[in-house]
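Shown next, in structure tokens, is the structure this report addresses.
Just so you know, all these numbers are worked out from the coordinates, no wet-lab data involved. None of these values were measured; they are calculated from a predicted model. When we count neighbours, we look across all protein chains shown, and the Cβ atoms used for this are built from the backbone with ideal geometry, even at glycine.
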């Protein structure tokens, strides 16, 4: 395929809020405030014949029925750079490809980096939908403060997601066939030798069409409670979506998968008595009409799907508790499920703890299925968004 530089005429820049490309070190800033203005916002776009997402090129050549959760590079990625102590200016869309980094880049030497994850869905009328992207932006800004990094404003973050989704529109699966996973990254790209914050930061977004995260697809998960390895410790970075949190879980995760499990459920590092998280998602347990999930006390990531599911569950009349959840409560639970951007709302069929296997309700009529249907319905436009969570772009 011949790749073209992405050039938006002025009327497209205006409708997308894309300013002319200027130096990435230009000053611009905005404070986090009331970003509900994004909610249910529609960005209308008239597409000329020269745009890379022409109507006669509606879908990429993909076997949508057999789509998994693997990297499938799309056409364009968003890139923006910023010097230390400055503000991000205007980024631009470039053809997807490798990036140039110094071997002394802070992200390579000291792990100074953050990432986010969100999805774009396609409606039957071709519109693309984003789900609560301002929450990802706010979480990245909070994480950047903890990691001593510059971060894009909420406006910049959301607009960059819009641009990336539209430029890769032909890679957004048909309705019901999956979504376009969008991966924002913020990395210390500047060169350092001694341990110090980077002198330059790069904010970029790439995309890949995806479907089910786990190899089981929509089948119930089979988890293993890990007691030898910790995911996070008190006063660490467990509540931050930093890249350095994820590689340490690989050994336990690979070992569990080798033994036939879907993933690992971690316990708190201090007492080994309370549930924390699965490797890449939050955990919920249900008993009767009461749902419990570990509180975000500094070691647990405040997932956006988690937050949304809690609100939806309360709307459905369930009691939801955010608290310390003892591992022993797994013995009495009726249901267990996981939440996350990649996994959605995933049922857990079994958990093994100290050689004891516990099984849970799954399938039709469960709380998990009810919340999954509601959340996915809102995300895909099948259920009316009464909460202002959806941004419509086309």
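List of remarks:
- For region 221-362, share of DSSP beta bridges that run antiparallel, in % to the nearest 5: 60 percent
- Averaging over all projection directions, the Cα-based convex hull of region 111-174 occupies 4.8 nm² in the image plane.
- Estimated 222 nm signal from helices in the chain, with DSSP H stretches of n ≥ 4 weighted -39500 (n - 2.57), rounded to 500: -5500 deg cm²/dmol
- Label-point gap, in nm, between residue 273 and residue 146 - each point 7 angstrom along Cα→Cβ: 2.5 nm
- C-alpha long axis of helix 304-315 to longest principal axis of the chain, angle in °: 60 degrees
- Relative contact order for the chain, counting Cα pairs under 8 Å that sit 6 or more residues apart, in percent: 19 percent
- Between residue 100 and residue 307, the distance separating the two model label sites (each 7 Å from Cα on the Cα→Cβ line) works out to 3.8 nm.
- Antiparallel bridge percentage (DSSP; both residues within the chain; nearest 5): 80 percent
- Approximate shape of the chain as ellipsoid semi-axes (Cα gyration tensor, √5λ), whole Å, largest first: 35, 26, 19
- Set of region 293-317 residues, backbone N closer than 14 Å to the point 7 Å along the Cα-Cβ line of residue 329: 293-297
- Potential extension, residue 342-residue 319 segment - 0.36 nm per residue separation minus Cα distance: 5.7 nm
- Once C-alpha pairs closer than 8 Å and six or more residues apart are averaged by separation and normalised to the residue number of region 314-394, the relative contact order reads 19 percent.
- Inter-probe distance in nm under a simple model that places probes 7 Å from Cα toward Cβ, at residue 216 and residue 384: 3.6 nm
- Helix 133-146 axis, angle to the chain major axis (alpha carbon atoms, nearest 10°): 80 degrees
- Ranked by how many other beta carbons lie within 10 Å on average, peptides 171-177, 208-214 from highest: 208-214, 171-177
- Angle between the chain longest axis and helix 154-167 axis [Cα atoms, degrees, rounded to 10]: 80 degrees
- Based on Cα atoms of region 221-362, Rg over Rh with Rh as the Kirkwood radius reads 0.93.
- FRET efficiency estimate (nearest 0.05) - Cβ-Cβ, residue 235 to residue 127, R0 45 angstrom: 0.55
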